[in-house]
Amino acid sequence: MIIRFTSLLLCAIILTAAPSTKAGKPPTGGWGANTGLSTGSSFAWMGGKNTKNTFAPGADITYALRLNTPLFWWISAGTRLCWTNKNTPQILPYAETGFSFLFFNLGAGYAPGFSNNVPKHSIHGFAGLAIPIWAPQKGHLLFVEPYWRPTFDVTVNEYPITHELGVLIKWFFMISP
């Protein structure tokens, strides 16, 4: 029920904000960022052998550096909350890095586990598509990013996988033009 409600809410946010986006037209002054920070929250579904099918809210901060237009390198740190099969909420921090080409993001990361109910060490991939929603002025951008994060428990020989499907809602701030 929670997953359905969250999915409907996110779709409504995207659909109501989408008409205000002018595709192909940057804000006054252009996008212009060489470096920047983005921060926001995530809403996701997680499921796999070691987790219940669960709603997993989170928070994220990302630093981005332009390598060559339109290629960026980024590094993120974040955390998410999920429930394991033992019905115990767990905080799962992570760090990841990757590349953005236009609005497509690919990366990989690492997550440590601090309790007995989560993997001590896990690695994950990341694939996302950033969708600009609102750019009120040069160097500021509100965007949503649907993503997939497959996570592998590397502390055991089986490498069980957990899938995370979600949406990041983030605000980008330019550091330098």
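Restricted to the range 111-130, and to residues there that are farther than 13 Å from Gly40 by Cβ, surrounded by 15 or more Cβ atoms within 10 Å (Cβ to Cβ) and modelled with pLDDT of 90 or more, the residue that is nearest to the chain's Cα centre (by Cα) is Phe126. When the range 151-168 is filtered for residues that are more than 15 Å from Phe103 (Cβ to Cβ) and under 12 Å from the mean Cα position of the chain (by Cα), the ones remaining, listed by number, are Glu164, Leu165, Gly166. Of all the residues in the range 131-175, those that are closer than 21 Å to Trp74 by Cβ and part of a loop (DSSP other than H, G, I, E, B) number 3. Residues in the range 147-166: is at least one of a type in the set (Gly, Ala, Ser) and at pLDDT 95 or above? Checked against the condition, which is being of a type in the set (Gly, Ala, Ser) and at pLDDT 95 or above, the range 147-166 yields at least one hit.
Scanning the range 131-147 for residues that are touching a Leu at 6+ places or on another chain (Cβ under 6 Å) and among the β-branched types (Val, Ile, Thr) yields a single hit, Ile133. If you go through the range 66-104 and keep only what is hydrophobic (A, V, I, L, M, F, W, C), surrounded by fewer than 15 Cβ atoms within 10 Å (Cβ to Cβ) and either at pLDDT below 95 or not in a strand (DSSP E or B) (or both), you end up with Leu67, Leu71, Ile91, Phe101, Leu102, Phe103.
The values are calculated or read from the model by the stated rules, or taken from the named source; none is laboratory data. In this text the structure is predicted, and so the values were computed from the model without any measurement. Here Cβ is always computed from backbone atoms with ideal geometry, including for glycine, and neighbour counts include all displayed protein chains.
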